[in-house]
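A.B. asks: Below is one structure. I have some questions about it.
The values are calculated or read from the model by the stated rules, or taken from the named source; none is laboratory data. Predicted model only: the values in this text are computed from it and were never measured. Heads up, the Cβs are rebuilt from the backbone with ideal geometry, glycines too, and the neighbour counts pull from every protein chain shown.
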Amino acid sequence: MGASISEAEAKVMEALWRESPLSAEQVIAEVAANQGWSEATVKTLLNRLLRKKAVTAKRDGRRYLYSPRMKRQAYVAAESRDLLDRLFDGKLAPFIAHFSERQDLSEEEIAELKKLIRGLDNGR
């Protein structure tokens, strides 16, 4: 994939990750109302995603059907790595410490974190 995906472009990608292929009209119906965007805005975002090679467009009669070129997991992994690198020198522990100091974690969230850590311990 080319350049990174903006937050607005990610909203379009989310629609395509949920279901694809979709026509521009289907993407507009899925995204525009939720975001308060115009049809032109969504079409601009689709064109940007095409230029970035994040989506493909296949002609279907008089319209194009859009599909994501990358999996959502790959996007989340890249964005997560970028966030850690930019804000926490690439280290996960300071991120979790920062988050837990600023946010009340539920017992369920703490249990999930402990389970993840146990899984990491068992895998090594």
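Conditions tested, residue by residue: (1) buried (at least 16 other Cβ atoms within 10 Å of the Cβ); (2) more than 19 Å from the chain's Cα centre (by Cα).
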{"residue": "ILE5", "(1), (2)": "yes, no"}
{"residue": "VAL12", "(1), (2)": "yes, no"}
{"residue": "GLU19", "(1), (2)": "no, no"}
{"residue": "LEU49", "(1), (2)": "yes, no"}
{"residue": "LYS58", "(1), (2)": "no, yes"}
{"residue": "TYR75", "(1), (2)": "yes, no"}
{"residue": "LEU84", "(1), (2)": "no, no"}
{"residue": "ASP89", "(1), (2)": "no, yes"}
{"residue": "GLN103", "(1), (2)": "no, yes"}
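A.B. asks: Further question: Has segment 89-99 got at least one residue that is of a type outside the set (A, V, I, L, M, F, W, C), part of a helix (DSSP H, G or I) and over 26 Å from GLU9 (Cβ atoms)?
C.D. replies: yes
A.B. asks: So, in segment 33-50, how many residues would count as being farther than 12 Å from GLU9 by Cα, assigned to a helix (DSSP H, G or I) and either modelled with pLDDT of 95 or more or not polar (S, T, N, Q) (or both)?
C.D. replies: So the count comes out to 3.
A.B. asks: Would you please list the contacts, defined by Cβ atoms under 7 Å and residues six or more apart or on different chains, that run from a residue in segment 88-111 that is at positive phi to a residue that is assigned to a helix (DSSP H, G or I) and hydrophobic (A, V, I, L, M, F, W, C)?
C.D. replies: Within 7 Å, the pairs are GLY90/LEU84.
A.B. asks: Hey, another quick one. Which of the numbered conditions does SER67 fail, given that it passes all the others? Conditions: (1) within 24 Å of LEU83 (Cβ to Cβ); (2) in contact with a helix residue (DSSP H, G or I) (Cβ under 9 Å, 6 or more places away or on another chain).
C.D. replies: Against the list (1) within 24 Å of LEU83 (Cβ to Cβ); (2) in contact with a helix residue (DSSP H, G or I) (Cβ under 9 Å, 6 or more places away or on another chain), SER67 comes up short only on (1).
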